[in-house]
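First up is the structure itself, then whatever we jot down about it.
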Amino acid sequence: MTDFTTRAAVARARSTLAEQLIVRLDPAAWEAFLDALDHPASRPRLERLMSEPSVFER
């Protein structure tokens with residue numbers, strides 16, 4: 001019983017993770033996604049934060 005339960009749980013976990021890892025987009029959505037990657041929104045606070053030295057570098 002334990003081996004069966006473990007195998008079933010592992011199979012379900014793999015299926016659930018696969019659903020989260022695979023993204024399916026139609027061609028228009030794919031183009032919009034690529035455009036967003038190529039032209040990210042301006043985030044001044046984030047840009048300032050990333051330009052400052054890390055606390056580990058101070």
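Rule-based calculations on the coordinates, nothing more; no lab input. Quick caveat: nothing in here was measured; it's all calculated off a predicted structure. Neighbour counts run over all protein chains shown; Cβ positions are idealised from the backbone, glycine included.
Quick notes
- HN-Hα J in Hz across the stretch 49-57 - Karplus 6.51, -1.76, 1.60, θ = phi - 60°, x for Gly and Pro: 4, 6, 8, 7, x, 5, 4, 7, 9
- Long-range Cα-Cα pairs in the chain (distance over 19 Å), rounded percent: 66
- For the chain, the mean residue ellipticity at 222 nm estimated from helices alone is -22000 deg cm²/dmol, where every DSSP H run of n ≥ 4 contributes -39500 (n - 2.57) and the total is divided by all residues, rounded to the nearest 500.
- Degrees between helix 27-38 axis and first principal axis of the chain (Cα, 0 to 90, nearest 10): 50
- A crude spin-label estimate for the pair Thr16 and Glu57, with each label 7 Å from Cα along the Cβ direction, gives 4.0 nm.
- Gained length - Phe4 relative to Leu25, 0.36 nm times residue gap less alpha-carbon distance: 4.0 nm
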